[in-house]
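Step one of this worksheet: look at the structure below.
Derivation of every value follows stated rules applied to the coordinates shown; laboratory data play no part. Computed from a predicted structure; not experimentally measured. Cβ: placed from backbone, ideal geometry, glycine included. Neighbour counts: every protein chain shown.
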Ligand SMILES: Nc1ncnc2c1ncn2[C@@H]1O[C@H](COP(=O)(O)OP(=O)(O)OP(=O)(O)O)[C@@H](O)[C@H]1O
Ligand SMILES: [Mg+2]
């Protein structure tokens, strides 16, 4: 069943610097990353270490100072703005904490938004949006407005929307940061399972050890590079031991909170 592993995202020697008045802030300093289809990778790191910067580069919202980024085999650093928009529209799904649903549209209309630019017939679009809402467990709220939904339901709708264009890669930046722990864990599990089923790659930035623990791999962004050592140390500094790396049983979501 498994063919050769397909790389969904490859970053090679990626640099990103920002000019801040007179100073140059060197955020990413030769970052390398490979993420395969079907893989769920968590990125952790101190505040300001460049996690969002990296996601923005992979998502084509920003361009690197140097280096190469491949998404589904295409070097996106060589694309012009129109080509980049196409890429974003067809290959990349994003789930960011501050990416709210459009308040004047119902849940299902929000999920249909990414499909509007493609010439998909209304009926087909609607059907697909409804099946996505069913997959995330909120089809019974399809015709409700966002303000009529709970925070967890809104996150589910946002996840359905992020998957509407069948992305190769789903990029998440603290996607459940504003949810309670249990709801957050449910969303992450759902995201992981849906992505695996559809063979999508997921890269999620998180500060939450429980989220990180659900990932296939955890990488630490430190000094502008991704490393897979020192993860334990990173979490221990916040008082959490993640040495039992993987959660597996469905109701292992309660955890001792850090003191
Ligand atoms: N557009 C920009 N212009 C100037 N500096 C920027 C810009 N974007 C990010 N930076 C700087 O780059 C560094 C990394 O920022 P980034 O947002 O990627 O961190 P982060 O790891 O996501 O942090 P957090 O965990 O707090 O979200 C910070 O010092 C930030 O101030
Ligand atoms: Mg950030």
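Below are the figures for this structure:
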read-out: Sorted by Cβ neighbour density within 10 Å, fewest at the top, the residues 172, 11; value: 11, 172
read-out: Among 142, 195, 237, residue whose mean-square fluctuation peaks in a GNM of the chain (springs only between Cα atoms under 10 Å); value: 237
read-out: Burial ordering of 43, 218, fewest other beta-carbon atoms within 10 Å first; value: 218, 43
read-out: For segment 7-236, share of DSSP beta bridges that run antiparallel, in % to the nearest 5; value: 55 percent
read-out: Using a Förster distance of 30 Å, the FRET efficiency for residue 66-residue 229 (Cβ separation, nearest 0.05); value: 0.75
read-out: At R0 = 22 Å, FRET efficiency that the Cβ-Cβ distance of residue 189 and residue 89 yields, to 0.05; value: 0.20
read-out: Scattering curve values for segment 7-236, log₁₀ I(q)/I(0), Debye with Cα scatterers, q = 0.14, 0.16 Å⁻¹; value: -0.88, -1.12
read-out: Virtual paramagnetic centre 7 Å along Cα→Cβ of residue 143, amide N under 20 Å, in segment 85-112; value: 102-112
read-out: Residue order, fewest to most surrounding Cβ atoms within 10 angstrom, among 176, 68; value: 68, 176
read-out: Cα-projected label distance for residue 13 with residue 81, points at 7 Å along beta-carbon direction, nm; value: 3.0 nm
read-out: 222 nm mean residue ellipticity, helices alone, for the chain (DSSP H n ≥ 4; -39,500 (n - 2.57); rounded to 500); value: -9500 deg cm²/dmol
read-out: Length added when fully stretched, residue 32-residue 102, from 0.36 nm per residue minus Cα-Cα; value: 21.7 nm
read-out: Listed residues 135, 158, 185, most fluctuating in the chain (Gaussian network, C-alpha, under 10 Å); value: 135
read-out: Label-zone membership for segment 200-243, site residue 166, 7 angstrom Cα→C-beta point, backbone N under 19 Å; value: 200-202
read-out: For the chain, built as a Gaussian network whose Cα springs stay under 10 Å, the top-fluctuating residue of 49, 150, 131; value: 150
